[in-house]
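Q: After the structure tokens below, expect a handful of questions from me.
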């Protein structure tokens, strides 16, 4: 039985129902515990021991265009929430400049479990770097692709760079433009939660138009692929969790 995972699902459902579209709704102490390393390990191990859960998790997990593995461990519809692991691996394709600059359609909270990442934030203002702005359309499960449509040009300037090490946690709103950069050639793993979608779309910025459909294709992992991914994550987290 997935007793711990089911208890986390109930707790997240309750918090998502209670919480509104504000950063304050992510400050619950129950959420702090859920977003910890030991909690992540318990959920992963229970998933690995349940073939049906492993298959369901694989169907909603994939390698994101931005260069990290996006593993949705738990998901709810009413109320809406998602609990995800994000994993950047040595030799990944995120590059020295990290992700495309983007925002989101919801508030979220993320905790770094292992490794180091930088989060760089941006604002649109004159004198910044010229960028193409794209409207983001969420991944379609049938085609296993997401959509981007060029809608104009913008000028973006970097505001701040944060360095997040194990134990760091932060909440971000939907309007803040940012990108994540893997700090070094060491695996970096974060645990992420978000409540309901509050904006119909998000924006993605790039130095040139994103037109290559291969970039937009994000196929789900097979059950065996996900099993190997989760086993690798357990091995990394076990090395860094307290004895």
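Q: Multiply the residue separation of residue 45 and residue 33 by 0.36 nm, subtract the distance between their alpha-carbon atoms, and state the gained length in nm to one decimal. The partial results should precede the final answer.
A: Working: separation 12, 0.36 × 12 = 4.32 nm, distance 1.70 nm.
This chain segment gains 2.6 nm when fully extended.
Q: When the Cα centres of region 45-60 and region 1-40 are compared, how far apart do they sit, in Å?
A: With region 45-60 and region 1-40 each reduced to a Cα centre, they are spaced 19 Å.
Q: Test of understanding: in a Gaussian network model of the chain with alpha carbons linked when under 10 Å, which of 189, 198, 34 would top the mean-square fluctuation ranking?
A: Ranking 189, 198, 34 by mean-square fluctuation puts 198 first.
Q: Once label points are set 7 Å from the Cα along Cα→Cβ at both residue 123 and residue 184, what is their separation, rounded to one decimal in nm?
A: About 3.3 nm, to one decimal.
Q: Something else now. As an exercise, use a Förster radius of 35 Å and the Cβ-Cβ distance of residue 158 and residue 55 to find the FRET efficiency, rounded to the nearest 0.05. Before the final figure, lay out the partial values.
A: Working: r = 42 Å, r/R0 = 1.19.
That pair, residue 158 with residue 55, gives E of 0.25.
Q: Springs between alpha-carbon pairs under 10 angstrom, Gaussian network model over the chain: which of 160, 145, 172 fluctuates most?
A: 160
Q: Per DSSP H run of n ≥ 4, the term is -39500 (n - 2.57); total these for the chain, divide by its residue number, and report the mean residue ellipticity at 222 nm rounded to 500 deg cm²/dmol. Don't jump to the answer; show the numbers that get you there.
A: Working: 6 runs with 65 residues, N = 243.
Helix-only estimate at 222 nm: -8000 deg cm²/dmol.
Q: May I pose another question? From zero up to wherever the largest Cα-Cα distance of the chain sits, split into 10 Å bins and tell me the percent of pairs in each.
A: Result, from short to long distances: 7, 31, 39, 19, 3, 0 percent.
Q: Hey, another quick one. What area, in nm² and to one decimal, does the C-alpha convex hull of region 1-52 cast on average over all directions? Kindly include the intermediate steps, with their values, before the conclusion.
A: Numbers: hull surface 15.9 nm².
About 4.0 nm², averaged over all directions.
Q: Same structure again: Which angle from 0 to 90°, rounded to the nearest 10, does the C-alpha axis of helix 3-18 make with the longest principal axis of the chain?
A: Result, in degrees: 50.
Q: Compute the angle between helix 37-48 and the longest alpha-carbon principal axis of the chain, please, reported from 0 to 90 degrees and rounded to the nearest 10.
A: 70
Q: Taking 0.36 nm per residue of separation and subtracting the Cα-Cα distance, what length does fully extending residue 223 through residue 24 add? Show your work: numbers first, answer last.
A: Working: separation 199, 0.36 × 199 = 71.64 nm, distance 3.63 nm.
Full-extension gain reported as 68.0 nm.
Q: So if each residue of separation counts as 0.36 nm, and I subtract the Cα-Cα distance between residue 80 and residue 232, what length gain in nm does that give?
A: Numbers: separation 152, 0.36 × 152 = 54.72 nm, distance 2.88 nm.
Gain in length upon complete extension: 51.8 nm.
Q: Report the residue, chosen from 99, 78, 120, that carries the largest GNM mean-square fluctuation when the chain is represented by alpha-carbon nodes joined by springs under 10 Å.
A: Fluctuation is largest for 78.
Q: Here is a further query. Using only Cα positions of region 63-187, each an equal point scatterer, no hydration layer, compute I(q)/I(0) via Debye at q = 0.15, 0.16, 0.20 Å⁻¹ and quote the log10 values to two decimals.
A: Treating every Cα as an identical point scatterer, log10 I(q)/I(0) equals -0.81, -0.93, -1.43.
Q: With r as the distance between the Cβ atoms of residue 145 and residue 11 and R0 = 30 Å, compute the FRET efficiency 1/(1 + (r/R0)^6) and round to 0.05.
A: Working: r = 33 Å, r/R0 = 1.10.
Once rounded, the FRET efficiency stands at 0.35.
Each reported figure results from applying straightforward, stated rules to the coordinates on display, with no laboratory input. This one's a predicted model, so the numbers in the text were calculated from it and none came from an experiment. As a convention, Cβ positions derive from the backbone with ideal geometry for all residues, glycine included, and neighbour counts pool all protein chains shown.
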